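The values are calculated or read from the model by the stated rules, or taken from the named source; none is laboratory data. Values in this document were obtained by computation on a predicted structure and should not be read as measured data. We place every Cβ from the backbone using ideal geometry, glycine too, and count neighbours over all the protein chains shown. To get the accessible areas, we keep the full protein, side chains included, count just its heavy atoms, and leave off ligands, DNA and RNA. Shrake-Rupley method; radii C 1.70, N 1.55, O 1.52, S 1.80 Å.
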Amino acid sequence: MSMIVRRLSRAATAGLVAAAALTAAAHSAEAADTLGSAAAGQGRYFGTAVAASHLGESDYAATLDREFSSVTPENEMKWDATEPSRGSFTFTSADRIVDHAQSQGMDVRGHTLVWHSQLPSWVSPLGAQDLRTAMNAHINGLMGHYKGEIHSWDVVNEAFQDGGSGARRSSPFQDKLGDGFIEEAFRTARAADPAAKLCYNDYNTDGVNAKSNAVYDMVKDFKSRGVPIDCVGFQSHFNSNSPVPSDYRHNLQRFADLGVDVQITELDIEGSGSAQAADYTKVVEACLAVSRCTGMTVWGVTDKYSWRSGGTPLLFDGDYNEKPAYGAVLSALGGSGGSGGPGDPGDPGDPGDGASCTATYTRTADWSSGYNGQVTITAGAEPISSWTATVTLPAQQSVSSLWNGTPTWSGNVMTVRPSWNGTLAAGASTSFGFTAAKNGSDAAPTVGTCTAS
Ligand code: XIL
């Protein structure tokens, strides 16, 4: 069978892959002026979904190769693409992506093994026993072919229902095999490629809600019973109906606290300009604030090929120009931004005397005894390399934690300086957050002038 031949030849190239990855890592330490290298400086990967059909477009490939350190095949590893008829595997398109990624020293995320969508028509009519056999054979076929070459696999995708119930979604797997299909898929996957991290992946699980609670309970149960799971993927498709949740970081952290890595797997945010940039900043900051958030993947290179192209949700426009969101992500990752030269915040020759910033406050969460506040710092017309903001709290209130900033105190005045997020491109934003106890006062803090250098 050709599959076996290909499997052996893929495995033989694994040593070369490791060498290429080392080269990429060494390179990234020198110049943090791309998404991948800036993320590497934070110990993270920065990836994108890729379509094999666009790899021949030179601007597409150039942008991909320059900026990203990980790829996820957008459709090419799905069941309908890889096993269109039972037992007959086709890997041509997926192999193109994996080969390309390896030639560039990029990681590959495998997406996805068991999903109700993009399922070939032969699967749904199978009876329970046959479906179980087919599911395991599919996992073994895919994971065997790419054994040792995939950083993380989305083993099961979107198995929970939307809405308030926290129930499992109806699918051939759920309806015929019951809740246990997820556990079985993970156990089969671990045996098929012990080196791959095994993820559960879903959408509308980005904040705390009934759906994410249900996934949380499943992961907790898996960890307590030794079912092999290493990571949870948060798709993070955002738009005005589904904005970046204010408790995003908290939600990532609570999953991480279960003992799994968390990954942002399909990020896109509809919009444009500074509002879109600010939302991207929030997402990157949330991931960086969670030590087990190991990386981020945007769901495409350019707006023109996005699955939601009308919403222009990505970092590069249709002509591969960097959008404001690109600069925001790069600066949130601590990158030095753009093409360098005069005005580049990383340039030691910059006088920085035009540096300025503004600070704005919002309450992002509220409960009877406390609240979360967020202060967004936005650079003025010049790039800045550091900022200082003061926040005066009502006398009764006290701050129990603060993230993405370093506070010093004088009475009830808190002076906050950057932790890792001092460098901002012109017009770019970062933010710090804090949790305060009200102690009887619900009044808002006041934010003083922002100073920048
Ligand atoms: C999308 C692709 O981007 C489209 O090209 C395809 O037509 C449909 O699937 N959740 C997932 C992804 O897990 O696989 C989906 O990708 C987007 C939603």
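So how strong a dipole does the chain carry about its Cα centre when Lys and Arg Cβ are +1 and Asp and Glu Cβ are -1, to the nearest 20 debye?
1280 debye
Using amide H atoms built in the peptide plane, which far-off residues or other-chain residues are under 5 Å from Val262 H to H?
Residues meeting the amide H criterion: Val232, Cys293, Thr294.
Considering the dipole of segment 40-138 built from charges on the beta carbon (Lys and Arg +1, Asp and Glu -1) around the Cα centre, which of Pro73, Thr133, Leu119 is farthest to its positive end?
Highest projection toward the positive end goes to Thr133.
Just need the relative contact order of the chain here, percent rounded to a whole number, with Cα pairs under 8 Å and 6+ apart.
Computed over the chain, the figure is 13 percent.
Give me the extension gain from Ala137 to Ala210: residue separation times 0.36 nm, minus the current Cα-Cα distance, reported in nm with one decimal.
23.0 nm is the gain from fully extending Ala137 to Ala210.
Work out the charge dipole of the chain with +1 on the Cβ of Lys and Arg and -1 on the Cβ of Asp and Glu about the Cα centre, then indicate which of Ser170, Thr378, Pro245 is farthest towards its positive end.
Sorting the options by dipole projection puts first Ser170.
Before anything else, pin down the relative contact order of segment 357-452: Cα pairs under 8 Å, at least 6 apart, normalised by residue count, whole percent.
Worked out over segment 357-452, it gives 42 percent.
On a 0 to 90 degree scale, rounded to 10, what angle separates helix 58-67 from the longest Cα axis of the chain?
60 degrees
Beyond 31 Å between alpha-carbons counts as too far, so tell me which of Lys223/Lys304; Lys211/Lys323; Lys282/Lys304; Lys176/Lys211; Lys176/Lys223 fall in that bin.
Lys223/Lys304; Lys211/Lys323
By how many nm would the segment from Ser401 to Ser124 grow when fully extended, if each residue of separation counts as 0.36 nm and the alpha-carbon distance is taken off?
94.7 nm
Calculate how steeply helix 128-145 sits against the longest principal axis of the alpha-carbon atoms of the chain, using the helix alpha-carbon long axis, and give the answer as 0 to 90 degrees to the nearest 10.
Taking Cα atoms only, the helix is inclined about 70 degrees.
In nm, what is the difference between 0.36 nm times the number of residues separating Ala167 and Val413 and their Cα-Cα distance?
This chain segment gains 83.9 nm when fully extended.
How many percent of DSSP beta bridges within the chain run antiparallel, rounded to 5?
Here the share of antiparallel DSSP bridges comes out near 55 percent.
What percent do you get for the relative contact order of segment 286-330 when only Cα pairs under 8 Å and 6+ apart count?
It comes to 24 percent, rounded to a whole number.
Taking a probe of 1.4 Å, how large is the accessible area per residue of the chain, in Å²?
Ligands and nucleic acids excluded, the result is 38 Å² per residue.
Say the dipole of the chain comes from +1 at the beta carbon of Lys and Arg and -1 at that of Asp and Glu; which of Ser53, Gly405, Ala195 then lies farthest toward its positive end?
Result: Ala195, furthest along the dipole toward the positive end.
Just the number, please: carbon plus sulfur as a percent of the accessible area of the chain, 1.4 Å probe, no ligands or DNA/RNA counted.
After summing per-atom areas, the C and S share lands at 52 percent.
Keeping all protein chains in place and using 1.4 angstrom, which order do Lys78, Lys176 fall into by accessible surface area, from largest down?
Correct descending sequence by accessible area is Lys176, Lys78.
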